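**Student:** Quick one: this structure, given as structure tokens, is what I'll be asking you about.
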Amino acid sequence: MSAILISGGQRLEGAVHIHGAKNSVLPILAATILSGSVSVIHNCPPLSDVAASVSILEHLGCRVTREGDTITVDSGPLDRCDIPEHLMREMRSSVIFLGAVLARTGEARLSMPGGCELGPRPIDLHLSALRRLGAEIDEAGGGLKCRTRGLRGAEISFTIPSVGATENAMLAACGARGRTVLYNAAREPEIWDLQQFLNACGARIQGAGSSVITIEGQVPLHMAEHRVISDRICAATYLSAAALTGGEIEVEGVPRRQLVLITDLFSLAGCQVREEEQRIWLTSDGRLKGVPPVRTAPYPGFPTDAQPPVMAALTRARGTTVFVETIFENRYRHTQELARMGADIRVEGRVAVVCGVPKLHGARLEAADLRGGAALVVAALGAEGESRITGLHHLDRGYADLTGHLSALGAQIRREEP
């Protein structure tokens, strides 16, 4: 079984360049289907979720090549509209291909995506949006069979600002006749990045980054080249690790406005933070203090994905910090493992109360999900003794060469393979 071994207590120091955002790469790879041409996507990290997306594209008939961090997709040969169950299971967010395949071929068939370790992620908003655009969807037998006699533009109001539903609606609307307007759309930077790629292909989309997005459908698309934005959650993870270990690091490549709530929190916790447009410097003496309640919320609120590593950083803070998780019901599974290290965390429903302790100790740990796994790595870096972390397939979904980057910053960390 693969494992990460960490001897904690080492101060992190140096610079780390943040790789491409997983949550941008995946919808952009799905979007390459729409042009029926060649797309060149730069800054694609070597993540298991990215590999799963490439497998889906190849199954659909696309020609895909990779050189370094650049993926080239020729979607001209696409000749299928189905995604088999084994590929759907490799990546839970594979439902993002639904809108693009439907817009390109007029039909799509895939297995129904289930819940995950964070709790149910219903796709009702995805399906409702596609039906508003003219899709006929049969949900019988644990699968989705979608077809259309021609998608048409519509006004779609989301009951909550779902990132995946917003992306699926954007992709499908590119193939719809007329104008589509999305209200209460998700505002995440990754939505803006998807708009940038589609517009580079010739699409006419505006409004991404706000709650109203307008798409002019059936605009001819063509080949394009695009560079994916950097991963703000990875940046938050490295900042958390430096804050806990008393480190001094420079994080490069993520716009500071995307991390303002993270940097403000660590400033309140006692760190020194300096910022430029694409660089953040954080210096910590390791003696953090509790901060006012942290409540997760859709962007531009505090990101739910950053909550676990930030919580890990505050386990040794003087005082108490309260976390309120509003997005995922099972987002606190990492707290059980942190408690094995000596953390004092009390969970009731969606509220977690973190009472700082003087020290953490190493332990044998298992990651239950992607960001929870990152929290265990952060905590182990600041703990006394050695920790052994398994469940690395979760971490591999969102962090490229995590052990290599942390080692370069001074951590005593290595990965063992069976």
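The values are calculated or read from the model by the stated rules, or taken from the named source; none is laboratory data. Nothing here was measured: the structure is a model prediction, and the numbers come from that model. Here Cβ is always computed from backbone atoms with ideal geometry, including for glycine, and neighbour counts include all displayed protein chains.
**Student:** Inspect all residues belonging to the range 40-49 and state whether any of them is part of a helix (DSSP H, G or I) and either under 19 Å from the mean Cα position of the chain (by Cα) or modelled with pLDDT of 95 or more (or both).
**Tutor:** So the first thing to find is which residues in the range 40-49 are part of a helix (DSSP H, G or I), and the list is 48-49.
Subsequent filtering for residues that are either under 19 Å from the mean Cα position of the chain (by Cα) or modelled with pLDDT of 95 or more (or both) retains 48-49.
Yes, the range 40-49 contains at least one residue that is part of a helix (DSSP H, G or I) and either under 19 Å from the mean Cα position of the chain (by Cα) or modelled with pLDDT of 95 or more (or both).
**Student:** On the basis of being in the same structural domain as Ile83 (by TED's automatic domain parsing), at pLDDT 95 or above and more than 27 Å from the chain's Cα centre (by Cα), does Thr166 make the cut?
**Tutor:** Answer is no for this residue.
**Student:** Mind checking which residues of the range 282-303 are buried (at least 18 other Cβ atoms within 10 Å of the Cβ) and assigned to a strand (DSSP E or B)?
**Tutor:** Leu282, Val294, Thr296, Phe302, listed by residue number.
**Student:** Out of Leu102, Leu60, Leu78, Leu110, report the one residue that is within 21 Å of Ala173 (Cβ to Cβ), in the same structural domain as Asn168 (by TED's automatic domain parsing) and at pLDDT below 95.
**Tutor:** Leu110
**Student:** Conditions first: (1) at pLDDT below 95; (2) closer than 22 Å to Lys289 by Cα. Pro418 passes all but one, so which condition is the exception?
**Tutor:** Just one mismatch for Pro418, condition (2).
**Student:** Next question. Might you let me know whether the range 325-348 holds any residue that is within 27 Å of Gly270 (Cα to Cα), assigned to a strand (DSSP E or B), of a type outside the set (D, E, K, R) and more than 23 Å from the chain's Cα centre (by Cα)?
**Tutor:** Looking for residues that are within 27 Å of Gly270 (Cα to Cα), assigned to a strand (DSSP E or B), of a type outside the set (D, E, K, R) and more than 23 Å from the chain's Cα centre (by Cα), one finds at least one in the range 325-348, hence yes.
**Student:** Is there any pair linking a residue in the range 153-166 that is over 14 Å from Arg187 (Cβ atoms) to one that is in a loop (DSSP other than H, G, I, E, B) and among the aliphatic types (A, V, I, L, M), with Cβ under 7 Å and at least six apart or on different chains, and which?
**Tutor:** From residues that are over 14 Å from Arg187 (Cβ atoms), the pairs are Gly153/Ala176; Ala154/Leu133.
**Student:** Here is a follow-up. How many of the residues making up the range 20-39 are touching a His at 6+ places or on another chain (Cβ under 9 Å) and either within 19 Å of Ile280 (Cβ to Cβ) or part of a helix (DSSP H, G or I) (or both)?
**Tutor:** The qualifying residues number 3.
**Student:** Give Leu376, Leu402, Leu395 a once-over and let me know the one that is assigned by TED's automatic domain parsing to the domain that holds Lys359, in contact with a strand residue (DSSP E or B) (Cβ under 6 Å, 6 or more places away or on another chain) and either modelled with pLDDT of 95 or more or not polar (S, T, N, Q) (or both).
**Tutor:** Working: Leu402 fails: in contact with a strand residue (DSSP E or B) (Cβ under 6 Å, 6 or more places away or on another chain); Leu395 fails: in contact with a strand residue (DSSP E or B) (Cβ under 6 Å, 6 or more places away or on another chain).
Selected residue: Leu376, the only one of Leu376, Leu402, Leu395 that is assigned by TED's automatic domain parsing to the domain that holds Lys359, in contact with a strand residue (DSSP E or B) (Cβ under 6 Å, 6 or more places away or on another chain) and either modelled with pLDDT of 95 or more or not polar (S, T, N, Q) (or both).
**Student:** Further question on the same structure: Which condition from (1) assigned to a helix (DSSP H, G or I); (2) in contact with a strand residue (DSSP E or B) (Cβ under 9 Å, 6 or more places away or on another chain); (3) at positive phi is the one that Gly141 breaks?
**Tutor:** Tallying (1) assigned to a helix (DSSP H, G or I); (2) in contact with a strand residue (DSSP E or B) (Cβ under 9 Å, 6 or more places away or on another chain); (3) at positive phi, Gly141 fails exactly one: (2).
**Student:** Within the range 234-256, which residues are closer than 14 Å to Asp193 by Cβ and of a type outside the set (Gly, Ala, Ser)?
**Tutor:** Val254, Pro255
**Student:** Select from the range 199-256 the residues that are under 26 Å from Thr159 (Cβ atoms) and of a type in the set (S, T, N, Q) and write down the one among them that is surrounded by the fewest Cβ atoms within 10 Å (Cβ to Cβ).
**Tutor:** Ser210
**Student:** Within the range 129-174, take every residue that is among the basic types (Lys, Arg) and buried (at least 17 other Cβ atoms within 10 Å of the Cβ) and give me the one that is nearest to Ser211 (Cα to Cα).
**Tutor:** Arg132
**Student:** Looking only at the range 325-360, which residues are out of contact with any Gly (no Cβ under 6 Å at 6 or more places or on another chain) and acidic (Asp, Glu)?
**Tutor:** Glu325, Glu337, Asp344, Glu348
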